[in-house]
Amino acid sequence: MTAYLSVNSKAAGFVAMLLVMYLGLPELSEIWAPALWVIAALSMTLGNLSALRQTNIVRLLAYSSIAQAGFMLVPFAAAAVAGSNLEQGFSATVIYLVIFSVMNLGAFAVVIAVGNKLGSGEISAWSGLGKIDARLGIMVAIFFFSLAGIPPLAGWFAKFEMFRSVIIAGGAATIVLAVIAAINAVVAFYYYARVVKSVWLDDPDVERVPVEEKASSGALRLALVLTAGLTIAIGIYPSIATFVGEASRVLATGG
């Protein structure tokens with residue numbers, strides 16, 4: 001529950017910040033746009049470098065969330081720095097935020113479920129999980145590959161919208177930001193894939209001390225099913241996410 005509240009509160013704060021810049025301070029974009037560019041670049045890079053070093057899955061997701069926040073900022077920062085269409089950047093950022101919220105909630109839900117089963121949040125303890133509980137192993141693959149941006153899961157469309165918005169914005173500064181984002185996307189793929197590798201390709205630890213498995217609540221199982229379903233559905237039908245992004249733009253601008 002704490003993870004869900006954390007994601008929701010961060011998402012609300014993120015949107016509030018964008019609305020202040022988008023609606024309240026557009027004429028001052030020459031001041032805040034470069035700062036937003038730097039924040040996006042640093043968030044992606046420092047978040048990913050920190051996530052690379054983690055052996056605990058919760059800490060990995062925490063640092064990767066910082067990196068994902070940087071990815072989210074890229075469309076809006078690129079549009080602002082280039083003096084391009086802020087509406088396009090705002091819509092692409094909201095689309096990314098919506099998709100990230102769904103798959104990140106699912107990732108935390110599966111971490112809780114695996115913790116109940118294995119009694120550990122260490123990545124090494126997850127080795128061979130797919131052979132122990134294939135359903136949980138599949139859930140791990142869905143959410144972590146989606147966070148990495150692998151088609152046909154929802155994360156691919158978030159990355160696609162991010163890079164498309166940078167191309168539309170144009171300009172040298174946006175190209176540099178796109179290169180930084182591309183490098184960081186590769187780094188993120190490495191540590192997300194490392195978790196899936198441990199789950200499916202590594203052998204279970206035969207010396208692992210059995211723990212008393214905690215029963216997953218109905219709410220947790222429902223969260224896993226809903227978020228996994230949405231992660232797959234948005235990946236196949238991206239119009240679900242684009243509708244939300246367009247609706248947010250219309251609501252923000254009043255038309």
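Laboratory data are not the source of any read-out in this text; all were calculated from the coordinates shown. Because the structure is a prediction, the values reported are computed rather than measured. A quick note on method: Cβ atoms are made from the backbone with ideal geometry, for glycine too, and the neighbour counts reach across all protein chains shown.
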Query raised in the report: Hey, rough spin-label estimate for residue 20 and residue 175, points 7 angstrom out along Cα→Cβ, what's it come to in nanometres?
Result: 3.4 nm
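Only sites in a loop by DSSP and with at most 12 other Cβ atoms within 10 Å count here; which chymotrypsin sites (Phe, Trp or Tyr not before Pro) in segment 136-188 make the cut?
Here no chymotrypsin sites (Phe, Trp or Tyr not before Pro) fit, given the DSSP loop and packing criteria.
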Query raised in the report: Can you pull out the trypsin sites (Lys or Arg not before Pro) in segment 29-132 that DSSP calls coil and that have at most 11 other Cβ atoms within 10 Å?
Result: 53
Query raised in the report: What length, rounded to one decimal in nm, is gained on full extension from residue 225 through to residue 194, with 0.36 nm per residue of separation minus their alpha-carbon distance?
Result: 8.8 nm
Report summary line: With 0.36 nm assigned to each residue of separation and the Cα-Cα distance removed, residue 233 to residue 135 gains 33.4 nm
Report task. Express in nm, to one decimal, how much length is gained between residue 124 and residue 56 on full extension, taking 0.36 nm for each residue of separation and deducting their alpha carbon distance. Result -> 23.6 nm
Query - Two-site label geometry, residue 167 and residue 205: point separation in nm, points 7 Å out along Cα→Cβ - result: 4.5 nm
